[in-house]
Amino acid sequence: MNTFFGIPSHPLFVHIPAVLLPLAAVGVVMMLIRPAWHVRYRWAVLGVGVAGTIGAIFAADAGEALEERIVSKEGAAAASGWEDHAQAGDTAQVFAIIFLVVLAAYIVVPYFMERRAAKGRVSAADGSAGSATTSIPRWVSLLLALLVVGASVGTVTTVILAGHSGAKAVWCETNTPPDCAGG
C-alpha cells in the first residue's frame, strides 16, 4: 500500500509511529512510577505499542517505495539528501520492533508469573501441593524495567531523528541552500 488515493502513503503512515510509540513509552514510564497502573493499563499500553510498531513497518515500506520514485525522478545525486532519512527510518523501524518485543516481555512475564502465583495460592488453600511463589522476583522486575526503559528511550530517539531528517529533506528540497546549511 504505497499510495493512498493517488498520493504517496508514507507521509500518512509516519504519523502512526510518531504519535503511538512515544505514547507507549510514556505509558511505560507511568506504569513504572505507579506500579498499580501496571495491572490496570498494561494491555492498553501493549496495544498502543503494537499499533505503533505496525505503523513503523508500514511507514518504512511505503518510504522505500517513495524513495525509489524520488531517485528515479530526480536521479541518485539529487536524491542523496533522502539517504539520511531512509537510514534513520530503517533504524527507527528496528528499534520499534525491539521496543515491542521488550514491551511484550514487560507486560506478559509478570502477568503469567502473577497467574502462576495465584494458582499456587489456590492449590495451597485446597490442601493440595502447589507453588508457594507469591510475587515476581525483584531481579526479574528490575531487569524488565531497565530493558523497557532503554528500549523506550531508543525508540523515541530514533523516531524523532527519523522525523527530523525527513522534515529537513523536504525543507531543503523546497528552499534555498542557505536555509539548509548546518545541522
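The values are calculated or read from the model by the stated rules, or taken from the named source; none is laboratory data. Since this is a predicted model, take the numbers as computed values, not measurements. Virtual Cβ from ideal backbone geometry, glycine too; neighbours counted across all protein chains shown.
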Exercise for the section: Tell me which residues, restricted to the range 19-52, are part of a helix (DSSP H, G or I) and farther than 18 Å from Val101 by Cα. Expected result: Val19, Met30, Ile33, Pro35, Ala36, Trp37, Val39, Arg40
Exercise for the section: Kindly indicate whether any position in the range 42-57 is under 17 Å from Phe95 (Cα atoms), among the hydroxyl-bearing types (Ser, Thr, Tyr) and in contact (Cβ under 8 Å) with a residue 24 or more places away in the chain. Expected result: yes
Fill in the blank from the handout: Considering the range 21-73, residues that are more than 12 Å from the chain's Cα centre (by Cα) and among the hydroxyl-bearing types (Ser, Thr, Tyr), and then whichever is farthest from Thr158 (Cα to Cα), we arrive at Ser72
Problem - Among residues of the range 155-175, those that are at pLDDT 85 or above, among the β-branched types (Val, Ile, Thr) and over 11 Å from the mean Cα position of the chain (by Cα), counted - result: 1
